Amino acid sequence: MAQTTHGIGGLAYDASKRARPPELNVFVALLLIVAVFEILGRLIIGDSFLFNTRPNVDTLFNVPRLTIIILQVSTVGIIAIGVTQVIISGGIDLSSGSVVGATAMIAMSFAQVAIVNGNPNPKAIFPEQGWLDLPVIIPILVGIGCGLIAGLINGLLIAYTRIPPFIATLGMMVSARGLSRWWSNGNPVSFPTESFAGISNGDFLGWLSFGLFSWKGVNPVLIFISLAVLFHLVLTYTKYGKHCFAIGSNEEAARISGVKVEHHKVLVYVIAGIMASVAALVLSSKNLTAQAGMGITYELDAIAMTVIGGVSLSGGRGSIIGTVIGALIFGVIISGFTFLKLDAYYQEMVKGVIIVGAVILDQWRQRRQAIGG
Amino acid sequence: MSDVILRTEGLTKHYGGVHALQDANFELRMGEHVAIMGDNGAGKSTFVRQITGVEQRTGGKIIFNGQEVHFKGPLDAREAGIETVFQNLALADDLDVPSNLFLGREKVWLNLGPFSILDFKGMRAATEKALLRTAVKIPNLSNSIRKMSGGQRQCVAIARTATFASKLIIMDEPTAALGVQETAQVENIIRTLKANGEPLIIISHNMRQVFDLADRIVVFRRGRIVANLNKHETSGQDVVAYITGAKTGTEYADAA
């Protein structure tokens, strides 16, 4: 017998009928997809997807593969964290991919070395000004400033001209891409300083633990995970998070209740822009170069991750945990297809099916819940 | 006159050429429950929107709690102590009960500006207390509003107004979309408010409800107040006559 736990006013409340958190379903989906690759791997190529099969290594799991799974979705994952809070508050951000491109180009221009192989840097953007060999904090600040400005423009447009977020961020998407092409006439910007390259390729864990641990090349993962934890806390425990959900589920109600909807929206898009610029710094540092075409379709991948993770496109529902699992599903699929030595084209096709499937499942679950009570 | 909580003098609202509200003189005393009745488009909701600051009046005076007020928006009215249950509920469907109760005025555990950390325990305790005070029945506080019945939602909306109000509660057709039992629950809350001596303005089309809950009935017709009736000195037929225009109060003869 399920008895009342904390019903108010004498009503019975059956705790066993409580709905499972949607993240759990997404997590089960992740495990299922991993299991499918594990089984297919053993059947088709006689190798394990998840577990270590190399004789000279003494770990249970295939650690390099697991690392790569997270590593390859870290950049887009960082964007997806920002996009999650945008979508929860009832908006959408199509500009993040282009903001990545523009930020990477501009920030990289302030991170170039003066001398390459004994010669002056041929790719230097600001040689006359002497802006070379600058400390790493300058490109970082410039980059974050780019994201901040892009987000601020998005946010101000959406909050005060009341145009739909789709349109405002579509405009930013096109313009920011134009900016990144114009910046160096379409040429890549390369030869970053060692400290800038260290953002992604350094040994942050070693530095933090005074050399006790060493784990090079996983900085993007660390940045992704720390930001995910931070934003999970922000969305769950702060006023900001509560207002995101409130605005996403009923903007008018939030306004009448005294939530400063316009201020909040500006802040939401500014944070999304900053997250895109962080992704740009990580990506350009990892690749040691910035190109005008960087980040194309990243905005869509980020939206897909959030949607797979159970974030409702109509706002009001979702979580960072869901988005992180959504990102992992992406990573597993990419990694799994490579592992099975299947063509990359199949990847794209399956990714599309999973995005649509995730939304159908979510809709179906919502409906069932509404009927079942 | 010190026990008058709200008074309007010559309150007028024009939408372009439409005179939605004309020269409304209204008075509400401490602890009094007044019902506003009238046909669709008679100016009831317009009247409420002027008082709550949702719209800006064209002319006239509003005196609340002894002072003339000029609310720039619903927030101002709220801060002054006027709480409104709107027809469209104004709840955030995806939030749970405490979050809705405290939306826009959250209790904060650690103040960090917009990123202030919320005091969940405090809000939950205050919610339980508020719900007990208004005798609202909710099975599970942490359920989102979306999963609740119309009656429960309405109760949450009313509990919210009753928690913070302070000086005056306005309800715009609080039971219009509810079933029999749910209506009874909402009416019980209103009786509790009466017992607590909290003044209330209720807009309703339900004659039985009005005679049950209100002390006084004010009838609107074509943007004007046409009758101000004491419940004990009038009847349903009488009120209908005023609503339809078959009859007009002597003091309002010019309004007909």
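The values are calculated or read from the model by the stated rules, or taken from the named source; none is laboratory data. Remember, predicted model here, so these are calculated numbers, not experimental data. All Cβ positions, even for glycine, are placed from backbone atoms using ideal geometry, and neighbour counts span all protein chains on display.
When you check A:Gly310 against the structure, is it within 21 Å of the chain's Cα centre (by Cα), at pLDDT below 95 and within 14 Å of another protein chain (Cβ to nearest Cβ), yes or no? Answer is yes for this residue. Scanning the range A:117-138 for residues that are surrounded by 10 or more Cβ atoms within 10 Å (Cβ to Cβ) and acidic (Asp, Glu) yields a single hit, A:Asp133.
For every residue, the table says whether it meets (1) outside any strand (DSSP E or B); (2) away from chain A (no Cβ under 13 Å).
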site	(1), (2)
B:Thr12	no, yes
B:Gly31	yes, yes
B:Ala90	yes, no
B:Asn100	yes, no
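So which residues in the range B:182-233 are aromatic (Phe, Trp, Tyr) and part of a helix (DSSP H, G or I)? Once the filter is applied, which keeps residues that are aromatic (Phe, Trp, Tyr) and part of a helix (DSSP H, G or I), the range B:182-233 yields only B:Phe211.
Out of B:Gly38, B:Gly122, one residue alone is away from every other protein chain (no Cβ under 13 Å) and farther than 20 Å from B:Thr175 by Cβ. It is B:Gly122. The requirement of being at pLDDT 80 or above and within 31 Å of the chain's Cα centre (by Cα) is fulfilled nowhere in the range A:1-22; no residue meets it. Looking across the range A:255-276, the residues that are farther than 18 Å from B:Ser144 by Cα and either in contact with a strand residue (DSSP E or B) (Cβ under 7 Å, 6 or more places away or on another chain) or outside any helix (DSSP H, G or I) (or both) come down to A:Gly258, A:Val259, A:Lys260, A:Leu267.
Residues considered: A:Ile225, A:Ile247, A:Ile199. Of these, the only one that is of a type in the set (A, V, I, L, M, F, W, C), more than 30 Å from A:Val116 (Cβ to Cβ), more than 14 Å from chain B (Cβ to nearest Cβ) and within 24 Å of the chain's Cα centre (by Cα) is A:Ile225. Just so you know, in the range B:11-24 the residues that are of a type outside the set (D, E, K, R) and buried (at least 16 other Cβ atoms within 10 Å of the Cβ) include one that is farthest from the chain's Cα centre (by Cα), and it is B:His19.
Just one of the listed residues (B:Glu9, B:Glu79) is free of Cβ contacts under 8 Å to residues at least 60 places away in the same chain and within 21 Å of B:Arg222 (Cβ to Cβ), namely B:Glu9. Here A:Gly331, A:Gly258, A:Gly336 are screened, and the one residue that is surrounded by fewer than 24 Cβ atoms within 10 Å (Cβ to Cβ), among the small types (Gly, Ala, Ser), over 22 Å from A:Trp364 (Cα atoms) and within 14 Å of chain B (Cβ to nearest Cβ) is A:Gly258. Taken over the range B:125-167, the criterion of being more than 10 Å from every other protein chain (Cβ to nearest Cβ), touching a strand residue (DSSP E or B) at 6+ places or on another chain (Cβ under 8 Å), among the small types (Gly, Ala, Ser) and under 24 Å from B:Leu178 (Cβ atoms) is satisfied by B:Ala162, B:Ala165.
Of everything in the range B:53-78 that is among the charged types (D, E, K, R) and surrounded by 15 or more Cβ atoms within 10 Å (Cβ to Cβ), the residue that is farthest from A:Ile88 (Cα to Cα) is B:Arg57. When each of A:Val234, A:Val282 is tested for being within 22 Å of the chain's Cα centre (by Cα) and within 11 Å of another protein chain (Cβ to nearest Cβ), the lone residue that passes is A:Val234. Here A:Trp215 fulfils each of the conditions (1) surrounded by 15 or more Cβ atoms within 10 Å (Cβ to Cβ); (2) under 24 Å from the mean Cα position of the chain (by Cα); (3) of a type outside the set (Asp, Glu) apart from (1). Of the residues in the range A:291-298, at least one is more than 8 Å from chain B (Cβ to nearest Cβ), in contact (Cβ under 8 Å) with a residue 60 or more places away in the chain, part of a helix (DSSP H, G or I) and under 25 Å from A:Glu348 (Cα atoms). Restricting the search to the range A:62-74, which residues are out of contact with any Pro (no Cβ under 6 Å at 6 or more places or on another chain), of a type in the set (S, T, N, Q) and closer than 15 Å to A:Val218 by Cβ? Within the range A:62-74, A:Thr67, A:Gln72 qualify.
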